[in-house]
């Protein structure tokens, strides 16, 4: 795919890619996080640390290895039993290959001690991270996959990862690419690994260590059987023993005896020798060593039995068993800090005792468990010492039970781990902002995995275990703090980007039934439904309802349970629109069949893919596609991400699915979706054969639409040279306008496809055509630093000063990305250095934003105007200050930049620097006479900007330089309000100490108190009140501090304000009063608290007229019941909907309407936007509600 990309520079084990498309460090980090690649470097480093010098080097001269290195690409198998030193050999091989700068070498270690390192997916994720990302950028193929997955909202399939890896590999000379794979026998999907690697057409040299061969059609270069390398093995043992025992003053005769015993007893297992050395180290005399040699355990299993017997005699027995369970069955590697927290959980007392954490665990852990069973690596990760330990614990149950050692029952182990996690989570029972990641190492694991451990515990085992009661207690009440904090630590449906969210609004937390269905914890789901503790059809969450959430995870048994309790199989909403589409998107035929059996609408519209057929096609499961077609799925249904099922199939290069859809009369030229039509999707994403197939079925080669405008531009954007040639052969218009890049040539230029650009130019592409993302092809090439492509365009008469596009001109585009060589090229061809326009106004400001050390001086050397006005930051100095680029600032000041020039996002350079909180930068500007009180910009002045960010030292510096404490202006009116809004307590304290006016009016929230209350910053609110803040002052976004806190459900803050005499019935703000503000958000506990403090339940005013109408408008049944219980007037008039009944009808919630009618709501009351409730229901098309109203004697006129 990228073989013709001339601007790619490949160097040793990484790509240096000049194609970053405006990517900064955060962008690169986003893709790296999205990949979620396992880290094999931990295994590599551990192996390097364990390896004795010169051991394993015999393999480098082995004839089979030499042939593999120098011959045709293929697989070299290195086969040996458990513990035979295969990992040391694979590490030796990699280091040998890596030493050759002409080679590009990658590695991966499969490891059954870490579940993420046992799959094909983990391998492809890791290889993409190694091959396609650098600190500077990301390979275009990976970038394209990330974009295809909606900037990382979706996860790539294993097939996607494999295809992307193949595309990345095509950008390299594979004859010099070597891959070392260790412990293939520990991969649970070995056949899948080779199925995908075959895509590379035997062009990659792969060394694989394993206990056994895996069948593959990949070319096999040779096999090395370690059982047949006994001489080399004995030499390695000798070197190892010399290294390990060299410090002991042993007689040669005794040393030889040790070598002979260990070599003969090892049976080719190096790890057995290492374990015996540990035992011999305890022997202090020659006699003791000789006695030990006579009693050596004969096998690794015997060694482990001895170690486990010691546990029974140890005072640390309980901790040892607990640790073994976790290390055997945990879903992630455990750090030493996590282990400390695990051992501080008292399972009998069911509490977590932070004081019981061991502060010296890393030094005493081998007192708990023998070093033959566990190890702690250089990253302080605790793990089983060898993969054979896990196999022994899992597979030797009968032997251990017979000898009375331990029963490592998998279900009981999962139950105990689940119990530990739940006990740990129960400590989070307050509204305080816990530093989960910093202070509670086990928090994320416990929150993320307790449901998974519970799923793996049998129902019969659960019945008598504390884990059952702990789980029920956690999920019994959505409003309890432990439950909310569980979701704040790790919401089950949260994507790869989300970390702990201590500020997560309770309104965004879904009911327990939803999360338990998503996790597939049937026991809890059945309990909630059986005890009538949950509404099976409650709406909300990423996936809309519990049934769709269960379908997303292919939790068939849970889905059956939900359907048994009357889950609406056709409920709409959520990411996939309905449960059937969700199931189809996973390619799970069984769950799709289940839903269809329960009358799921096969053609229901909505959701990411528009319908179930498109979802199934995209996922690529032919059987699911056929099943849906057999159930009358509309093959030409429009909607969703790809517009039609055919386009989805084309985007995925699913040739069989395309043929199947065409056979069922799919419209080959149907318009819509991301790519506009199937041909464009295929041109961008698929192979030549797919494009050919669509053309043969009369696809319009010049059809317009979609992200790229035409199929030709799509192919050019993705470097599909064969597709481009095919389309041109079929009369594609080379200068067709439209799409992301405006035309095909700009698309090719943006990707640095020089040969593609040459091909298009040869076919009469207009080199100066305007339009698209970059304005023209030259600006596209310049923005990406594609110097060779830019040179080609200039040679073909590209206008170097053409004004257009995002950056205004090519020079600004190149400068913005720090492409010095491209800037130099453009200047050599008479680019106007001071040309105005574009995002940054001029080239100098564009370069200053990133502080490009070479580009800024180059532009100044060529007489760039240092004070040129315009652009996002107003001037180059503010741009550099906004990003904290001190060197660039100094350089600009040295070149006479005006330190007080006004304009741009921050108004002044000083405000920009203050916002960043870079004290040195602020100091530099002040030393150059920056006006500390200059007004303007988003934050009004520098002090407010610094206060907003909580940059205390910067605030102090500004105050020291006479900043006006009470200056008005900007979004938050004053510095104090800005700091209060962010809960920057230390900054608020500092400002108050400097006599900030605590009751100053203005800004978004009117006062500092309201700002702090709106965010629930209780400590900041207390501080302001202590300094005489007026608790009842009116104004601002919420009207009052109490209404602000009530709208957000900040219970502790509300209580504090009321204790300080806040008027609970004050009339002001959008919702009229605090009670209505709480009711509209459905905050039951807040409503209760306000009523308890004499809030007038029938107070009039505000957007909804009354609290009851507000609750009805949002369908908050529980809040409505509470208000009615406290004598809310069900027929009160006023507000947006006239009365509560009409509000409920307009919202479309039948249960809420029924509730109001039962409380004597006047079904014929007049008023509101619809005139009456019946007209509201009719306008909304709610037939069931119309029927309900008629049954309650609506008078129809």
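Here are a few things to note about the model shown:
- Residues in region 948-963 that are touching a helix residue (DSSP H, G or I) at 6+ places or on another chain (Cβ under 7 Å) and under 12 Å from residue 933 (Cα atoms): 958, 961, 963.
- Region 626-639: number of residues that are in contact with a helix residue (DSSP H, G or I) (Cβ under 6 Å, 6 or more places away or on another chain) and either part of a loop (DSSP other than H, G, I, E, B) or over 23 Å from residue 568 (Cα atoms) (or both): 3
- Search result, residues across region 675-724 that are assigned to a loop (DSSP other than H, G, I, E, B) and surrounded by fewer than 24 Cβ atoms within 10 Å (Cβ to Cβ): 687, 697, 698, 699, 700, 701, 702, 703, 704, 705, 707
- Residue 593 assigned to a helix (DSSP H, G or I), surrounded by fewer than 20 Cβ atoms within 10 Å (Cβ to Cβ), in contact (Cβ under 8 Å) with a residue 24 or more places away in the chain and out of contact with any helix residue (DSSP H, G or I) (no Cβ under 6 Å at 6 or more places or on another chain): yes
- Sole exception among (1) in contact with a helix residue (DSSP H, G or I) (Cβ under 7 Å, 6 or more places away or on another chain); (2) under 30 Å from residue 993 (Cα atoms); (3) at pLDDT 95 or above for residue 1036, by number: (3)
- Only residues that are buried (at least 17 other Cβ atoms within 10 Å of the Cβ) and at pLDDT 85 or above were counted across region 211-221, and they come to 0.
- Selection status of residue 73, part of a loop (DSSP other than H, G, I, E, B) and either crowded, with 24+ Cβ neighbours inside 10 Å or out of contact with any strand residue (DSSP E or B) (no Cβ under 8 Å at 6 or more places or on another chain) (or both): no
- Complete set of residues in region 734-752 that are over 17 Å from residue 819 (Cβ atoms) and assigned to a loop (DSSP other than H, G, I, E, B): 734, 735, 736, 737, 738, 739, 740, 741, 742, 743
- In the set 950, 936, only one residue is crowded, with 17+ Cβ neighbours inside 10 Å, farther than 18 Å from residue 1021 by Cα and without any contact (Cβ under 8 Å) to a residue 40 or more places away in the chain; that residue is 936.
- Qualifying residue in region 505-512 (condition: under 30 Å from residue 32 (Cβ atoms), modelled with pLDDT under 90 and in a loop (DSSP other than H, G, I, E, B)): yes
- Annotation: of all residues in region 23-43 being closer than 30 Å to residue 849 by Cβ and modelled with pLDDT of 80 or more, the one that is surrounded by the fewest Cβ atoms within 10 Å (Cβ to Cβ) is 33.
- Which numbered condition residue 147 fails, given (1) in a helix (DSSP H, G or I); (2) at pLDDT below 85; (3) crowded, with 20+ Cβ neighbours inside 10 Å: (3)
- Apart from one condition, residue 912 fits all of (1) surrounded by 21 or more Cβ atoms within 10 Å (Cβ to Cβ); (2) within 33 Å of the chain's Cα centre (by Cα); (3) closer than 24 Å to residue 1007 by Cβ; the exception is (3).
- Note on region 204-238: residues that are over 47 Å from the mean Cα position of the chain (by Cα) and in a strand (DSSP E or B) amount to 0.
- Residues in region 494-521 that are farther than 20 Å from residue 1048 by Cα, buried (at least 20 other Cβ atoms within 10 Å of the Cβ) and touching a helix residue (DSSP H, G or I) at 6+ places or on another chain (Cβ under 6 Å): 512, 513, 514, 516, 517, 518, 519, 520, 521.
- Any helices (runs of 4 or more DSSP H) falling wholly within region 239-351 and containing at least 1 residues that are buried (at least 16 other Cβ atoms within 10 Å of the Cβ), touching a helix residue (DSSP H, G or I) at 6+ places or on another chain (Cβ under 7 Å) and in contact (Cβ under 8 Å) with a residue 40 or more places away in the chain: 270-280, 300-312, 317-329, 336-343
- Filter result for the condition that a residue is at pLDDT 90 or above, in a loop (DSSP other than H, G, I, E, B) and over 17 Å from residue 962 (Cα atoms), over 902, 845: 902
- Flag for residue 882 being in contact with a helix residue (DSSP H, G or I) (Cβ under 9 Å, 6 or more places away or on another chain) and more than 24 Å from residue 812 (Cβ to Cβ): no
- Condition met for residue 379 (outside any strand (DSSP E or B) and either at pLDDT 90 or above or crowded, with 17+ Cβ neighbours inside 10 Å (or both)): no
- Residue list for region 596-605, filter: within 15 Å of residue 630 (Cα to Cα) and either touching a strand residue (DSSP E or B) at 6+ places or on another chain (Cβ under 7 Å) or not in a helix (DSSP H, G or I) (or both): 599, 600, 601, 602, 603
- Check on residue 355, at pLDDT below 95, surrounded by fewer than 19 Cβ atoms within 10 Å (Cβ to Cβ) and either more than 32 Å from the chain's Cα centre (by Cα) or assigned to a loop (DSSP other than H, G, I, E, B) (or both): yes
- Region 1032-1063, residues that are touching a residue at least 40 places away in the same chain (Cβ under 8 Å) and assigned to a helix (DSSP H, G or I): 1046, 1048, 1051, 1052, 1053, 1057
- Some residue of region 989-1000 being within 21 Å of residue 1074 (Cβ to Cβ), modelled with pLDDT of 90 or more and over 33 Å from the mean Cα position of the chain (by Cα): yes
- Scan of region 603-632 for residues that are buried (at least 23 other Cβ atoms within 10 Å of the Cβ) and over 28 Å from the mean Cα position of the chain (by Cα), ordered by number: 624, 625, 628
- Residue check for residue 608: assigned to a loop (DSSP other than H, G, I, E, B), farther than 20 Å from residue 710 by Cβ, at pLDDT below 95 and not assigned by TED's automatic domain parsing to the domain that holds residue 144: yes
The values are calculated or read from the model by the stated rules, or taken from the named source; none is laboratory data. All of these numbers come straight from a predicted model, not from anything done at the bench. We place every Cβ from the backbone using ideal geometry, glycine too, and count neighbours over all the protein chains shown.
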